[in-house]
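Sharing a structure with you now.
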Amino acid sequence: MTATGPASAERVRPSSARARTPVRGAGLGWVATMALVAVLLQVAVMPYVNIADGIPDLVAPTVVAVALLRGTLVGAITGFGAGLLVELSTPVGTLGVLALTYLIVGAWCGRYCEREESTSLVPPLVLTVVAAFVVQMGYMVFQLLLGNSMAASEFVGDLLIPTIALTALLSPPVLLVARRLLGAPRAVEPYAAGAA
């Protein structure tokens, strides 16, 4: 027995509307893949791309892009995980310093996820350059606390400026790939006010 009339049309409409709109998750699989690829490239390829002592940082733009597109929590977790993987896969001598600095960068950049989306590439690029600066300065401060010294002119001229310049040059492709894979910015917060 089939029902006709407005009641049957209302029952059919939601299922047909769901079939037309694609349902996408938060893209956390793509986030993990992007972080893993960035770490692998950072460890295996980037040491061979250097000017002076500066090596481009691919993890910083990846963390910034994830934080801008998925919010504070996902950005901070991605930064911590990627920083820890970099430290575990290279002989850096300290454990947790890069994880902490990338966590700070991810949490800080994730605060901009709820803001109006900019159509230009300039704000994410500026955040990426600032993130690379914060990571390098954080690591340098920790090395100074351990007693390792380096002349300020040598640090700025040979390490900091080339690293930031190379990171800025390699950031736009990373940001564009992240935008393509993750889609529009949307905060993924488990205990947000609208989640209940």
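Read-outs throughout are calculated quantities, based only on the coordinates presented, and are distinct from any laboratory measurement. Everything numeric here is computed off the predicted structure, so don't read it as measured data. Because the Cβ atoms are built from the backbone with ideal geometry, glycine has one as well, and the counts that use them run over all protein chains shown.
Among the residues of the range 36-73, write down those that are aliphatic (A, V, I, L, M), buried (at least 24 other Cβ atoms within 10 Å of the Cβ) and part of a helix (DSSP H, G or I). Quick ask: steps written out before the conclusion?
Pass one, the range 36-73, residues aliphatic (A, V, I, L, M): 36-41, 43-46, 49, 51-52, 55, 58-60, 63-69, 73.
With buried (at least 24 other Cβ atoms within 10 Å of the Cβ) added as a condition, the list becomes 38, 58-60, 63-69.
Residues satisfying the conditions are Ala38, Val59, Ala60, Val63, Val64, Ala65, Val66, Ala67, Leu68, Leu69.
Tally the residues that are surrounded by fewer than 21 Cβ atoms within 10 Å (Cβ to Cβ) and more than 15 Å from Leu36 (Cβ to Cβ), restricting the search to the range 76-89.
0
While we're on this one: Those residues that are surrounded by 13 or more Cβ atoms within 10 Å (Cβ to Cβ) and not in a helix (DSSP H, G or I), I need them from the range 151-189; list them, please.
Scanning the range 151-189 gives Gly183, Pro185, Arg186, Ala187, Val188, Glu189.
Condition first: farther than 28 Å from Gly29 by Cβ and either without any contact (Cβ under 8 Å) to a residue 24 or more places away in the chain or among the charged types (D, E, K, R) (or both). Now tell me which residues in the range 48-71 satisfy that.
Those that are farther than 28 Å from Gly29 by Cβ and either without any contact (Cβ under 8 Å) to a residue 24 or more places away in the chain or among the charged types (D, E, K, R) (or both): Tyr48, Asp53.
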